[in-house]
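Worksheet for the structure shown next.
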Amino acid sequence: MAKTKGIDQIIYLDHAATSWPKPEVVKDAMIQAMDTAGANPGRGSHQMAVEASKVLFNTRRAIAKLFGIHNPNDIVLTSNTTMSLNLAIKGILKTGDHVITTMMEHNSVRRPLEYLRSLGQIEVDYLPLTDDGLIEIDRLEKTIRSNTKLVVVSHSSNLLGSILPLQEIGAVTRKHQIPLLVDAAQSAGIIPIEVEEMGIDLLAFPGHKGLLGPQGTGGLYISPALNVEPLLHGGTGSQSESIAQPTVRPDRFESGTPNTIGYAGLRAGIEQVLSLTLDHIYKHEWSLSQYLIEGLEEISGVHILGPGKGKPRSGLVSFYTETMDSAELAFRLDREYGIAVRSGYHCAPLAHESAGTLERGAVRASFGVNSTEAEISALLAAVHNLANRS
Ligand SMILES: Cc1ncc(COP(=O)(O)O)c(C=O)c1O
């Protein structure tokens with residue numbers, strides 16, 4: 001009999017979509033910013049406008065520290081990874097350009113690329129995935145053409161959890177002087193990223209997943225060597241006498257009143273991540289994924305996607321059962337057991353095609369810094385019951 005669970009009884013295993021609950025320090029920082037820095041940053045010189053500008057600057061500084069970025073002004077604050085990816089893709093590509101990407105990509109990469117292709121402006125090649133959800137570096141190099149103007153890769157698959165070797169990919173793109181755009185939606189705050197060391201020219205990341213900030217926050221690092229067109233034109237509070245969009249960063253890319261309160265929370269989230277350390281977070285989430293994989297392997301009729309036991313992967317595990325449709329399994333986990341997971345195609349149909357799950361979809365459980373083995377045990381017991389009941 002389905003029972004509705006109270007919010008305090010929910011086992012939340014959907015951190016790959018957005019992390020929850022947010023740390024107390026994030027909520028406190030947002031309330032404080034609302035009370036003391038609630039003016040419009042960069043517009044006006046009164047005290048509270050200056051405080052609001054400081055919030056944005058300090059958030060940029062925290063992001064720069066996390067990703068090894070030299071100049072915080074090369075970081076554009078956005079609403080989410082999708083906006084960052086759109087800015088990077090549409091801001092860099094011109095008619096006649098060729099792009100290389102992978103079968104792993106989320107629709108937030110695929111759709112803007114396919115949109116530009118549908119207008120007849122660009123050509124796109126998708127690199128296939130190996131059984132472990134990786135790409136062949138040789139194949140990347142062989143796919144490069146004289147008009148290849150961008151390589152876009154996800155750092156970690158939101159379906160498979162596999163982790164691409166950015167250092168090796170960056171070595172190839174640097175050798176051929178092609179900008180490398182990395183989608184760090186599933187790795188920021190979990191797997192170390194050093195943009196300058198890894199040869200990353202554009203890094204799109206969410207504030208609301210592994211960085212523990214609120215929804216409506218994200219960012220894009222743009223290498224100072226790149227000339228990128230803005231996605232939005234409008235008021236920036238700077239060079240107001242000119243009809244042209246300012247050239248100075250980050251104003252060039254940040255038109256309109258920003259989510260100052262959200263970025264105050266994002267800064268607190270990043271500081272929490274830095275104090276926990278990425279090493280601790282990765283090991284914690286990896287050990288939970290191993291625990292879940294081991295338990296799922298014991299349940300007959302369950303198939304697990306992505307890298308096998310013992311291999312590197314980000315904090316998520318996708319699987320399906322032979323006996324119950326993935327959407328129904330996820331629905332019953334929620335309604336009967338209060339366990340929140342994601343089912344369906346995870347906005348990554350090409351990754352499902354590679355995994356052979358385009359017809360049936362999969363259930364994805366994803367972990368956060370506070371997820372526990374007890375929660376995974378509860379998930380395993382519930383999957384065991386449901387898979388054997390149907
Ligand atoms: C790999 C990947 N890219 C992009 C996105 C889009 O992220 P956002 O919701 O921050 O726009 C997601 C969201 O889950 C994702 O997993």
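Couple of notes before you dig in:
- Every condition in (1) within 16 Å of the ligand (Cβ to nearest atom); (2) crowded, with 23+ Cβ neighbours inside 10 Å; (3) hydrophobic (A, V, I, L, M, F, W, C) holds for residue 26 except the one numbered (1).
- Residue within the range 354-362 that is out of contact with any Pro (no Cβ under 8 Å at 6 or more places or on another chain), under 21 Å from residue 13 (Cα atoms) and part of a strand (DSSP E or B) present: yes
For (1) over 29 Å from the mean Cα position of the chain (by Cα); (2) under 30 Å from residue 314 (Cα atoms); (3) outside any loop (DSSP other than H, G, I, E, B), each residue gets a yes or a no:
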| position | (1), (2), (3) |
| --- | --- |
| 18 | no, yes, no |
| 31 | no, no, yes |
| 40 | no, no, no |
| 45 | yes, no, no |
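- When the range 214-226 is filtered for residues that are part of a strand (DSSP E or B) and either within 11 Å of the ligand (Cβ to nearest atom) or of a type outside the set (Ser, Thr, Tyr) (or both), the ones remaining, listed by number, are 218, 219, 220, 222.
- Sole exception among (1) away from the ligand (no atom under 16 Å from the Cβ); (2) farther than 17 Å from residue 266 by Cα; (3) of a type in the set (Val, Ile, Thr) for residue 31, by number: (2)
- Residue 90 vs. criteria under 13 Å from residue 267 (Cα atoms) and either within 16 Å of the ligand (Cβ to nearest atom) or not small (Gly, Ala, Ser) (or both): no
- Output for the range 342-363, where each listed residue is without any contact (Cβ under 8 Å) to a residue 12 or more places away in the chain and either touching a strand residue (DSSP E or B) at 6+ places or on another chain (Cβ under 8 Å) or within 12 Å of the ligand (Cβ to nearest atom) (or both): none
- Residue check, residue 193 under 19 Å from the mean Cα position of the chain (by Cα), more than 21 Å from residue 308 (Cα to Cα), within 16 Å of the ligand (Cβ to nearest atom) and in a loop (DSSP other than H, G, I, E, B): yes
Conditions (1) over 22 Å from the mean Cα position of the chain (by Cα); (2) not hydroxyl-bearing (Ser, Thr, Tyr), marked per residue:
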{"site": "303", "(1), (2)": "yes, yes"}
{"site": "306", "(1), (2)": "no, yes"}
{"site": "323", "(1), (2)": "yes, no"}
{"site": "329", "(1), (2)": "yes, yes"}
{"site": "336", "(1), (2)": "yes, yes"}
{"site": "341", "(1), (2)": "no, yes"}
{"site": "369", "(1), (2)": "no, yes"}
{"site": "380", "(1), (2)": "yes, yes"}
{"site": "385", "(1), (2)": "yes, yes"}
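- Residue within the range 103-125 that is in contact (Cβ under 8 Å) with a residue 40 or more places away in the chain, within 16 Å of the ligand (Cβ to nearest atom), part of a strand (DSSP E or B) and not basic (Lys, Arg) present: no
- Check on residue 160, closer than 23 Å to residue 91 by Cα, touching a residue at least 12 places away in the same chain (Cβ under 8 Å) and either within 16 Å of the ligand (Cβ to nearest atom) or not in a loop (DSSP other than H, G, I, E, B) (or both): no
- Of all positions in the range 164-171, at least one carries a residue that is in a loop (DSSP other than H, G, I, E, B), in contact (Cβ under 8 Å) with a residue 40 or more places away in the chain and surrounded by 14 or more Cβ atoms within 10 Å (Cβ to Cβ).
- Of all residues in the range 93-118, those being surrounded by fewer than 19 Cβ atoms within 10 Å (Cβ to Cβ) and farther than 16 Å from residue 149 by Cβ number 5.
- For the residues 229, 271, 285, 294, the requirement of being surrounded by fewer than 19 Cβ atoms within 10 Å (Cβ to Cβ), assigned to a helix (DSSP H, G or I), charged (D, E, K, R) and at pLDDT 95 or above singles out 294.
- The condition of being within 12 Å of the ligand (Cβ to nearest atom), surrounded by 24 or more Cβ atoms within 10 Å (Cβ to Cβ) and more than 18 Å from residue 162 (Cα to Cα) holds for only one of 181, 211, that being 211.
The values are calculated or read from the model by the stated rules, or taken from the named source; none is laboratory data. Values in this document were obtained by computation on a predicted structure and should not be read as measured data. Heads up, the Cβs are rebuilt from the backbone with ideal geometry, glycines too, and the neighbour counts pull from every protein chain shown.
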